[in-house]
Structures are given as structure tokens and as C-alpha cells.
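Presented below is the structure to which this report refers.
The values are calculated or read from the model by the stated rules, or taken from the named source; none is laboratory data. On a predicted model such as this, the values are computed, not experimentally measured, just so you know. Because the Cβ atoms are built from the backbone with ideal geometry, glycine has one as well, and the counts that use them run over all protein chains shown.
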Amino acid sequence: MTQTLPVTGLPELSSLRSEVDSALTGFLDSKDRAAPGTELLYLTTPLREMLSGGKRLRSLLCLYGWHVAGATGDVTAAVRAAASLELFQVFALVHDDVMDDSDLRRGQPSAHRTLATAYTDSGGLRGKAEAHGMGAAVLLGDLALVWSDELLHTSGLGPDRLAQVLPLVDEMRTEVMYGQLLDLQTTGRLTGDVETALHVIRYKTAKYTIERPLHIGAILGGASPDVLESCTAFGIPLGEAFQLRDDLLGVFGDPAETGKPVLDDLREGKATVLMGLAVRRATPAQLSTLRRLVGRSDLDEEQAATVRAILESTGARETVEEMITSRRDDALDALDNAPFPGTAAAGLRQIARAATTRQT
């Protein structure tokens, strides 16, 4: 029996998260039962662990997009389609951690570290553990990508609606790859090129995290062009603000709250807006210090404190805070002019504030 969600009301965020979690659990349970052997649990176990720690931001925004377009159709199909974005996110995170050689993700060992430990715990040679962890993590990411596609195709969407949403999903995936490539190309290059850093943010985060999930949900609901345009007007500035906040947390955050080491971005030499502003404004002595310390794989906390002091004294940190506020305000202003139901607009305002003031 087809179940629909009333346009006049939208469940609380916690309720929507629960629906998405149930869809993911049911899908993974079915994959475990159908597996050719128990060996696949070697990958699905860390996959489940990664899914358990997510905020479900993309799937929630997808369901909000469906709601702003009228919330027509089967709610179960919409939830499963939204849940497929979470599997795609695992793919992106696992491969991102492999490329960055990150030790932690959400306060826990990253997938390739977990798999390396599992290898040695089962009798594997320690000298081969790192290579095994990296290789197994690539397979884990690939599996999450394949299954995200399968969950979307088996979500229960009608053929016409699925045909409408697939090109948008493909576009989103391509944009993520483009953004990730830009990130790889700019990392380790200490320049004042803030414009390129903003370009990376737009494609790696803003479109993928906010705009496209809203678009996908809106298409699921048969959105009109003006609804899609309003999703973009809200999503792009909010997505940029979200990543700018993430960049600040990556340097100034509390690892106990963020689950992310505060040395990684500095050790990798991430070409963030924060760092670009500092390079532009640094004195010759400060610039020399940045070039000596940023990008060092052995950077310690004392040296990081020196870098942070430069980020503060150049006003880079303050400017990024101002950029976050400005973009969040633009996103909220866009909601005032959007043809969205009041309940959806209120929920999106809640998400906007949480995404830009968060500590994790």
C-alpha cells in the first residue's frame, strides 16, 4: 500500500533520521543474507560502523526537497532514495581518507586503519598491513558506491520519476569527483589563491552536501523550475558556509568534539580559504614561518600553535567567520523568497543554523 506524507506537516528531524536508518539497516541486512559467503562481513562491518556515526544531513535535505516540491508519491520510496545518498557518502569518505591517509573519522579509526588492524589481528604480516588496509578500503568504498546505486534503483520509485532523477544523481557524482580532484591538485601548494579555494568548496561540498540533495528530493516530488532555483539559492551559500566552518574546526576545533585531529589539515597543507587569506596578509616573516611549518608530516602541537597564531593575527580566522555569517544570512534570506511550505522552510532554517554553528 502506498503511503504518502502530508504536505501540511513534516516529521521532526529525529523521526526522519530514524526512517533513513531503518532503510539502511534493512538494505544491509538483505545484502548480508544474500552474500555468497561470510567473507563479505569483513567489509560490511566497518561499513555499518561508518553509517552509524553520520548526521544524515544529505538524506534529510533530500527529504526536505521532496517536501518543498509537494511530497507526492510513496514515502517509503522517497526515504530509500534519500538513504542511498548515505551510502554514497560512505564511498566518498572512505576514499577521501585513503587519499589523505587520515587516521581518524568521526572520532574512530578510519576505514583503512580499521582494516589494517583487522588484517594483523587475523594473523597477517605487519609489514603488509598498511597496503592491505588501503586496498581493502578502496574495495569498501567501491562497494558502498555500487550499493548506493542499487538502493536508489530498488527504492520503489516509478520508472518516470527514476528516469528524471538519475541524470541529476550522475551530475552530482561527477561534481564530487571534480571537487575532489581540485582538492588533490591544490593540497600542498601554499598560495593566497582564495578564489580557487572557494571553487573547490563549491564543487566538493556546497553542491554535493546541500544543493544536490535538495534538488534530488525536489525532483522526486515533481518540482517546478522555480522550486529548483530556490533550492540552489539556499543551498550554495549554505554549503559554502558549512565547509568554511569545517575548515575552521579542522584547525581550531576540539578533537574530543569533532572526532577529527586538529593537525591533519596543517600537516597535509590543505589549501583552504583560511590558509589562503593568511598567506595573502602575512608579513614576510610570517610567510616564511608558514612555508616552513605547513605541510610538514611531523608537525607537532607547539608548531601548530605557531601557525594558529598567524591565522589569528592576520585576521584570516575572523574573516572566515564573517564569510560564514554572510553566506548563512544569504541562505536564510533565500528562504524568505522561496515558494516552500512554511514547515519545510522552518526545518531548513534549523538545519542552516546547526550546520554553520556546529562544533562537530
task: Among the helices (runs of 4 or more DSSP H) lying completely within the stretch 287-360, list those that include at least 2 residues that are within 23 Å of Pro225 (Cβ to Cβ).
output: 316-336, 342-357
query: Looking at Leu266, is it closer than 20 Å to Glu322 by Cβ and either of a type in the set (A, V, I, L, M) or not in a helix (DSSP H, G or I) (or both)?
result: no
- request: Identify all residues within the stretch 250-286 that are of a type in the set (A, V, I, L, M) and modelled with pLDDT under 95; write none if there are none.
  value: Ala256, Val262, Leu263
field: Residues of the stretch 312-339 that turn out to be modelled with pLDDT under 95 and surrounded by 19 or more Cβ atoms within 10 Å (Cβ to Cβ), as a count
entry: 0
task: Can you run down the residue pairs with Cβ atoms below 6 Å, 6 or more apart or on separate chains, where the first is in the stretch 342-360 and more than 17 Å from Ala218 (Cβ to Cβ) and the partner is modelled with pLDDT under 90?
output: Gln359/Glu257; Thr360/Glu257; Thr360/Thr258
message: Can you tell me which of (1) over 29 Å from the mean Cα position of the chain (by Cα); (2) under 18 Å from Asp183 (Cα atoms); (3) of a type in the set (A, V, I, L, M) is the one Val294 doesn't meet?
response: (1)
message: Taking the conditions exactly as written (in a loop (DSSP other than H, G, I, E, B) and buried (at least 16 other Cβ atoms within 10 Å of the Cβ)), does Ala223 satisfy them or not?
response: yes
query: What residue, among those in the stretch 148-172 that are surrounded by 16 or more Cβ atoms within 10 Å (Cβ to Cβ) and β-branched (Val, Ile, Thr), is nearest to Ala78 (Cα to Cα)?
result: Val165
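Can you pull out the helices (runs of 4 or more DSSP H) entirely within the stretch 16-108 that have at least 1 residues that are surrounded by fewer than 15 Cβ atoms within 10 Å (Cβ to Cβ) and modelled with pLDDT under 95? Give the derivation first.
Details: elements: 41-52, 57-68, 75-100.
The qualifying helices (runs of 4 or more DSSP H) are 41-52, 75-100.
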